[in-house]
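Reviewing the structure listed below.
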Amino acid sequence: MARLVAIDLPGGAAFVDALRRAWDDGDAVLPVDRRLPTPAKRALLDAMAPSLVVDEHGEQQFDGLPVETGDALVVATSGSTGTPKGVVLTHDAVRASAAATSRRLGTGSDDTWLACLPLSHVGGLSVVTRALHTGAVLRVHDGFDATAVEDAARDGATCVSLVATALRRIDPAAFRVIVLGGSRPPADLPPHVHTTYGLTETGSGVVYDGFPLDGVEVRIDGSGQISLRCPMLLRCYRNGNDPRTDDGWLATGDMGRWLDDGRLHVDG
């Protein structure tokens, strides 16, 4: 039976190796936020119920709950609206995200992706999974350091995912492609900096520069709430609850509107 493997390692080659081993064994991976204080980390593991925890001291076995065959990731939400939820993403969803994003960005196996955002969140983790699925070269830093990021660019990194505060601390011209997530982006972005909208439940961004990725459907109801339907969506939450409607739509709770040029504007 497939297990959930919690990886509590710094960003780097050891994390990627542990992820690959778990996937090769048919298991799913829970990336652990290493910034959490010990009580919060313990609460996360209790809620997500992994069968194996991999950290710098080795491996620990637990009586955890299994995952379904085909599950790739369980990613904890930020918990901004309460207790964090474990978002279950399948290998099919992760592949769909990697393929659609790479097509939109024009990236592939000739590129080198730099992961420097927290791997416990989809914005950072999706850089790793995208590179693994597309055959791109991957470099992983344990967090953002402006000097290290610019050094990586000089050493051949061509693509990176950042948030607005990090973007302001580097020269954007150092990279060929920059994916920008998080809070409201700064004005007058260079054309190679691509803003994104997505959720943990969508396995990363599904709307780039206001336009949905291939295969992503967006609708806005009478109250202005955004709903999404796409192959990147979660299978369910770790507790078994499925937030999708019977016909596959996910209500995001975010408000938005269509602009005259056909772009999606997300409020807030």
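The values are calculated or read from the model by the stated rules, or taken from the named source; none is laboratory data. Quantities reported herein were computed from a predicted structural model and do not represent experimental measurements. Glycine also receives a Cβ, built like all others from the backbone with ideal geometry; neighbour counts cover every protein chain displayed. These accessible areas exclude ligands, DNA and RNA; they are computed on the full protein's heavy atoms, side chains included. Shrake-Rupley method; radii C 1.70, N 1.55, O 1.52, S 1.80 Å.
Key figures
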| quantity | calculated |
| --- | --- |
| Calculated P(r) of the range 92-191 - Cα pairs past 25 Å, % | 11 |
| Top of Val137, Val128, Val160 by mean-square fluctuation, Gaussian network on the chain, Cα under 10 Å | Val137 |
| Accessible area in the full protein assembly, largest first, 1.4 Å probe, for Met255, Met1 | Met1, Met255 |
| R0 of 30 Å, Cβ-Cβ distance Glu217-Ala164: FRET efficiency to nearest 0.05 | 0.65 |
| Globularity ratio of the range 34-83, using Cα Rg and 2.2 N^0.38 Å | 1.25 |
| Protein-only accessible surface order, largest first, of Trp249, Trp258 at 1.4 Å | Trp258, Trp249 |
| Heavy atoms of Glu201 accessible to a 1.4 Å probe, total area in Å² rounded to 10 | 30 |
| Total charge dipole magnitude, the chain, about the Cα centre, Cβ charges on Lys, Arg, Asp, Glu only, Debye to nearest 20 | 300 |
| Contact order normalised by residue count of the chain, Cα under 8 Å, 6+ apart, percent | 15 |
| Under the Debye formula (equal points on every Cα, no solvent term), log10 I(q)/I(0) of the range 182-231 at q = 0.23, 0.24, 0.31 Å⁻¹ | -0.94, -0.99, -1.24 |
| The chain: translational diffusion in µm²/s, Stokes-Einstein, Kirkwood Rh over Cα pairs, 10 °C, 1.306 mPa s | 84 |
| Farthest positive-ward along the chain dipole, Cα basis, beta-carbon charges - from Val88, Val163, Leu73 | Val163 |
| Cα-projected label distance for Asp209 with Arg103, points at 7 Å along beta-carbon direction, nm | 1.7 |
| Relative contact order computed over the range 13-127 (Cα-Cα under 8 Å; 6+ residues apart), in percent | 21 |
| Mean Cα-pair separation over length for the range 82-136, i.e. relative contact order, pairs under 8 Å, 6 or more apart, % | 41 |
| Dipole magnitude of the range 209-268 about its Cα centre (Cβ charges: Lys, Arg +1; Asp, Glu -1), debye to nearest 20 | 280 |
| Among Ala43, Ala98, Ala166, residue whose mean-square fluctuation peaks in a GNM of the chain (springs only between Cα atoms under 10 Å) | Ala43 |
| Cα gyration tensor category, rounded, prolate or oblate, for the range 1-51 with a/c compared to 1.5 | oblate |
| Semi-axis lengths, Å, the range 88-135, gyration tensor of Cα atoms, sqrt of 5 times eigenvalues | 16, 14, 8 |
| Difference of contour (0.36 nm per residue) and Cα-Cα distance, Asp25 to Ser183 | 53.2 nm |
| Extended-chain gain in nm, criterion 0.36 nm per residue less alpha-carbon gap, Asp142 and Ala14 | 45.0 nm |
| Per residue convex hull volume, Cα atoms of the range 1-156, in Å³ | 122 |
| For the range 145-268, diffusion coefficient by Stokes-Einstein and Kirkwood Rh (Cα), 10 °C, 1.306 mPa s, µm²/s | 99 |
